[in-house]
Amino acid sequence: MQPLRGVTVVALEQAIAAPYASRQLADLGARVIKVERPGVGDFARHYDTRVAGLSSHFVWVNRSKQSLALDVKDPRGMAALRQLLRTADVFIQNLAPGAAARMGLGAEELQADNPGLIVCDISGYGQGGPYESMKAYDLMVQSEAGLLSVTGSGDDMAKVGISVSDIAAGMYAYSSILAALLERANTGKGAHIDVSMLEATVEWMGFPLYYSYRGAEPPPRAGAAHATIYPYGPFTAGDDKVIMMSIQNEREWRAFCDEFLGQPELADHPDYAGNANRNANREKLGRIIADRFATLTGDEATALLTAVPIACAHVNTLADVWKHPQLAARGRWHEVQTPAGPIPALAPPGPTSPEPRMDPIPDIGEHTRKILAELGFSESEVDQLSQDGVV
């Protein structure tokens, strides 16, 4: 399923948010032209060397793209970019705040040349407002969005272990671009999309925000356990395996007491009837549940919980995820070519077509000559640009 075949996306992008959005578009068949600095490229190429000498961040979010090495600070490089954008469908950028506009790459200017162009600006805090010009890396935005107030344990805050604010912004950019493409099909007009990492993350903070509505006590940090639903979290079996489990309603609670704990009378105990009471008495109830887990191995506990059925899960390491039986059974691992050779990569979630698009991860400037030739540049002109360091 590649419904975006024929759609050209030009991405002046770096790090995670914009590259993640454009990779989703590439997965659906769009031609994504990634504009990078000659010789250096996207700085995320240099975060680490964990994937056969390549950066783990970069290989994750840059498959199925073409790399155009272009110095956009040189007038000749900017002219080439503007020429490319005249026939593009989508332009995505996540440069430093205000940088694209200062270069003449604002939505109004670009759409004067190409009225159907969809311009998507991704930034930390959005355009306008007192935070507009602030630098915004993922952890800064997690902090501003209140996410660190609900992650961690007790008084010790903890960041989310992935770039969740970047990912949130990337996914809202992706879905907004898809919506804009649908709208353009009806009107013929492009759109300007202004995605803020802060707003994307705060949207995902909806539960704790409403839980603390009008000054109510916010949910406490609860480590790996749920802050307000109980029992919902990790329990250690007798063989030291940690099992995650969750009770979501009274039917499950009653079955859990009867079939797992072997104490059906607990279901109607006034301290534990209803989630609010279980949550208020989680320390006392936790000891009862922990004692039962201690009599079982991890495999025995998961077998019993599954039979009830109660939701449960293994607390996997990353090594476990690489060999997860469910991913293997559903054929989710495919192969992607890179400048360092083939690597495994997960197929995009959702589409069920047997052969998802899994094109190579490009080297810096790998497609520069091809793209410039399409724009009408002669080989000698490209040679001169290369000699001058513009490409």
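When we screen Ala96, Ala100 for residues that are outside any strand (DSSP E or B) and touching a residue at least 60 places away in the same chain (Cβ under 8 Å), the only hit is Ala100. As a summary of the residue check, Leu304 satisfies the conditions (1) in contact with a Phe, Trp or Tyr (Cβ under 8 Å, 6 or more places away or on another chain); (2) within 22 Å of Thr228 (Cβ to Cβ); (3) in contact (Cβ under 8 Å) with a residue 24 or more places away in the chain except for the one numbered (2). Residues in segment 107-142 that are buried (at least 17 other Cβ atoms within 10 Å of the Cβ), assigned to a loop (DSSP other than H, G, I, E, B) and not aliphatic (A, V, I, L, M): 4 in all. Taking the criterion of being at pLDDT 95 or above, under 17 Å from Ala345 (Cβ atoms), hydrophobic (A, V, I, L, M, F, W, C) and not in a helix (DSSP H, G or I), would at least one residue in segment 35-44 satisfy it? Checked segment 35-44: no residue is at pLDDT 95 or above, under 17 Å from Ala345 (Cβ atoms), hydrophobic (A, V, I, L, M, F, W, C) and not in a helix (DSSP H, G or I).
Among the residues of segment 1-34, those identified as part of a helix (DSSP H, G or I) and among the polar types (S, T, N, Q) are Ser22, Gln24.
The values are calculated or read from the model by the stated rules, or taken from the named source; none is laboratory data. Source: prediction; values computed, not measured. Here the Cβ is made from the backbone with ideal geometry for all residues, glycine too, and neighbour counts use every protein chain on show.
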